[in-house]
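Visitor: Take this structure, written in structure tokens, and hold onto it; I'll ask about it next.
The values are calculated or read from the model by the stated rules, or taken from the named source; none is laboratory data. The shown structure was predicted, so the numbers you read here are calculated from the model rather than taken from an experiment. Every residue, glycine among them, receives a Cβ derived from its backbone with ideal geometry; neighbour counts consider all protein chains shown.
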Amino acid sequence: MSEFYINWTTQVRKGVLELAILNTLSGGPLYGYDIVRRLGDVDSLVITEGTVYPILSRLKNEEHIESYIEESSAGPPRKYYRLTPRGREELRRMNQHWEQLHNALGALRKERKR
Amino acid sequence: MIEMTPEAQTRFERYLTRMRSALRGSAVEAADVEQNVREHVDVALASTAAPIGIDRLDEVLEQLGPPERWLPEDEQPWWKRVASRMSSGPEDWRLAYTTFGAFALGLFLLPVGFGLVFLICAFLLARAEHELLTARGESLGARRWLVLPAIWTMLLGVAMLLLVAPVMALASIGLSDGNLQFVHGVPHTQPETLERVRIETGYIAACAGAWWLVFSILLVFLAKPLRTMFLPVTENLGRKHALLLALIGAMVGAIGAVLLFAIP
């Protein structure tokens, strides 16, 4: 793999990580470790796990997500994250934009094939 | 909180220190991230038998990755961006050479007065170089000859300021006109006799001993910030050094007391 390709995929991954985190939370509240695990399962994201935590903190500061503490039967209380109404709205727009981008790129590829 | 071996606990605390340092100056709340990382490690190691050893902890920390790489470059504080650019020159030696240049200029200009400004700049550049190399998982290697003199010099200056300056201040108060009479009834006007040298030496030694004893207690609390400030030179600074200083203080203080009171 060329260095150009590696740099490009790194930039793309960085760009979509926030979208991936917000989408992970769209199904319901999750605690930090669980979010990291789920993102880790997406092969093409290939993240170092710690990268997620500063993004969670930033999304919380920007009021896209909120946290609350919940008792756990398996150990100490855990900090759960969930989408705020603002975050849900932002996620809707981001997914819409992603869809447009995907379709536009798809159309460009089809044109090239003709 | 899971139980770790002392080595693993130390490794974890250092990782968290690096994390706080990496996030300093950014829009991210370090305390918030720290809480998440602690929880992450707790959950990841929940099924491992306590106490958790350093090898098992390292596996988890390796997956978390170096905190210095958690923030994209545009979210890092300006000084880290500048240092990063300066270090990416030929063979990554540019920042090390700049550090040594500022250090040499600082020494050269010290008699003029503003050499201190360059020495402080050299110290900051040296620390930045060390932090960047740590973030990349590299060691200073031969660059230490260019980088470490600036850190050693600043450390020496701060050590003098903390250990010697208060003693000199105490000594000057005690030995100024008339004050020594309160200690041993020897007026300042008395000519240089062996008796006066004994009492003045004893007084200075007693002051030094007392201050170093007090400072050794302070050092227990100051060890962490001092260690962080002068890395990598002070990497192992800790309680044993405070204890050593207390012992030296007690010995010097005892010599002072003997000179002052035990010898007639």
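Visitor: Any residue at all in the range B:95-109 that's surrounded by 16 or more Cβ atoms within 10 Å (Cβ to Cβ), polar (S, T, N, Q) and at pLDDT 85 or above?
Guide: Yes - at least one qualifying residue is present in the range B:95-109.
Visitor: Counting only residues that are aliphatic (A, V, I, L, M) and at pLDDT below 90, which one in the range B:110-123 is farthest from B:TRP145 (Cα to Cα)?
Guide: Kept after step one, since they are aliphatic (A, V, I, L, M), are these residues of the range B:110-123: B:110, B:112, B:116-117, B:119-120, B:122.
Among the residues that remain, those that are also at pLDDT below 90 are: B:110, B:112, B:116.
Numbers: B:LEU110: 21, B:VAL112: 26, B:LEU116: 20 Å.
My answer is B:VAL112.
Visitor: Can you list residue pairs whose Cβ atoms sit under 7 Å apart, with the first residue in the range B:140-154 being surrounded by fewer than 18 Cβ atoms within 10 Å (Cβ to Cβ) and at pLDDT below 95 and the second being in a loop (DSSP other than H, G, I, E, B) and acidic (Asp, Glu)? Count only pairs 6 or more apart in sequence or on different chains.
Guide: Between residues of the range B:140-154 that are surrounded by fewer than 18 Cβ atoms within 10 Å (Cβ to Cβ) and at pLDDT below 95 and residues that are in a loop (DSSP other than H, G, I, E, B) and acidic (Asp, Glu), there is no close pair.
Visitor: Return a yes/no flag: does the range A:75-82 have any residue that is closer than 30 Å to A:ILE6 by Cβ and of a type in the set (D, E, K, R). Spell out how you get there, then give the answer.
Guide: Within the range A:75-82, the first condition is being closer than 30 Å to A:ILE6 by Cβ, and the residues that meet it are none.
No, every residue in the range A:75-82 fails to be closer than 30 Å to A:ILE6 by Cβ and of a type in the set (D, E, K, R).
Visitor: Residue check: is A:THR10 in contact (Cβ under 8 Å) with a residue 12 or more places away in the chain, among the polar types (S, T, N, Q) and more than 9 Å from chain B (Cβ to nearest Cβ)? Before you say what the answer is, go through the steps one by one.
Guide: Working: in contact (Cβ under 8 Å) with a residue 12 or more places away in the chain: no; among the polar types (S, T, N, Q): yes; more than 9 Å from chain B (Cβ to nearest Cβ): yes.
So A:THR10 fails the test.
Visitor: Using beta carbons and a limit of 9 Å, which pairs, at least six apart or on different chains, have the first residue in the range A:82-101 and in contact (Cβ under 8 Å) with a residue 40 or more places away in the chain and surrounded by 10 or more Cβ atoms within 10 Å (Cβ to Cβ) and the second one among the charged types (D, E, K, R) and not in a helix (DSSP H, G or I)?
Guide: The qualifying pairs are A:ARG82/A:GLU66; A:LEU83/A:GLU66; A:GLY87/A:GLU62; A:GLY87/A:GLU63; A:GLY87/A:GLU66; A:GLU90/A:GLU62.
Visitor: Yes or no: A:GLY15 of a type in the set (Gly, Ala, Ser), loosely packed, with under 13 Cβ neighbours inside 10 Å and modelled with pLDDT under 90? Don't jump to the end; show me each part of the working.
Guide: On the way: of a type in the set (Gly, Ala, Ser): yes; loosely packed, with under 13 Cβ neighbours inside 10 Å: yes; modelled with pLDDT under 90: yes.
So A:GLY15 passes the test.
Visitor: I'd like the residue in the range A:68-81 that is free of Cβ contacts under 8 Å to residues at least 40 places away in the same chain and at the interface with chain B (Cβ under 8 Å from one of its Cβ atoms) and, out of all such residues, is nearest to B:GLU34 (Cα to Cα).
Guide: A:PRO76
Visitor: Being within 13 Å of chain A (Cβ to nearest Cβ) and either buried (at least 18 other Cβ atoms within 10 Å of the Cβ) or assigned to a helix (DSSP H, G or I) (or both) is the filter here, so list the residues in the range B:1-11 that pass it.
Guide: Across the range B:1-11, the qualifying residue is only B:ILE2.
Visitor: What are the residue pairs meeting all of these: first residue in the range A:19-41, first residue away from every other protein chain (no Cβ under 12 Å), second residue part of a helix (DSSP H, G or I) and of a type in the set (Phe, Trp, Tyr), Cβ atoms under 8 Å, and 6 or more apart or on different chains?
Guide: Taking only residues 6 or more apart or on different chains, the pairs are A:LEU19/A:TRP98.
Visitor: For the structure I just gave you, tell me whether B:ILE217 is part of a helix (DSSP H, G or I) and over 19 Å from the mean Cα position of the chain (by Cα).
Guide: Values: part of a helix (DSSP H, G or I): yes; over 19 Å from the mean Cα position of the chain (by Cα): no.
So B:ILE217 fails the test.
Residue-wise test of (1) more than 12 Å from chain A (Cβ to nearest Cβ); (2) touching a residue at least 40 places away in the same chain (Cβ under 8 Å); (3) surrounded by 16 or more Cβ atoms within 10 Å (Cβ to Cβ).
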| position | (1), (2), (3) |
| --- | --- |
| B:MET19 | no, yes, yes |
| B:GLN35 | no, no, yes |
| B:LEU45 | no, yes, yes |
| B:PRO51 | yes, yes, no |
| B:ASP58 | yes, yes, no |
| B:LEU61 | no, yes, yes |
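Visitor: Condition first: modelled with pLDDT of 85 or more and surrounded by 18 or more Cβ atoms within 10 Å (Cβ to Cβ). Now tell me which residues in the range B:188-202 satisfy that. Give the derivation first.
Guide: Of the range B:188-202, the ones modelled with pLDDT of 85 or more are B:201-202.
Across the range B:188-202, the qualifying residue is only B:GLY202.
Visitor: If I ask for residues that are among the small types (Gly, Ala, Ser) and at pLDDT below 80, which ones from the range B:60-94 would you list? Even if it seems obvious, please write down each step before you answer.
Guide: We begin by selecting, within the range B:60-94, every residue among the small types (Gly, Ala, Ser); these are B:65, B:83-84, B:87-89.
Within the range B:60-94, B:ALA83, B:SER84, B:SER87, B:SER88, B:GLY89 meet the criteria.
Visitor: Please indicate, with yes or no, whether at least one residue in the range A:46-62 is basic (Lys, Arg), surrounded by 12 or more Cβ atoms within 10 Å (Cβ to Cβ), more than 13 Å from chain B (Cβ to nearest Cβ) and within 18 Å of B:ASN36 (Cα to Cα). Before you say what the answer is, go through the steps one by one.
Guide: First pass over the range A:46-62, keeping only residues basic (Lys, Arg): A:58, A:60.
Within this subset, residues satisfying the condition of being surrounded by 12 or more Cβ atoms within 10 Å (Cβ to Cβ) are A:58, A:60.
Now narrow it down to the ones that are more than 13 Å from chain B (Cβ to nearest Cβ): none.
No, there is no match, as no residue in the range A:46-62 is basic (Lys, Arg), surrounded by 12 or more Cβ atoms within 10 Å (Cβ to Cβ), more than 13 Å from chain B (Cβ to nearest Cβ) and within 18 Å of B:ASN36 (Cα to Cα).
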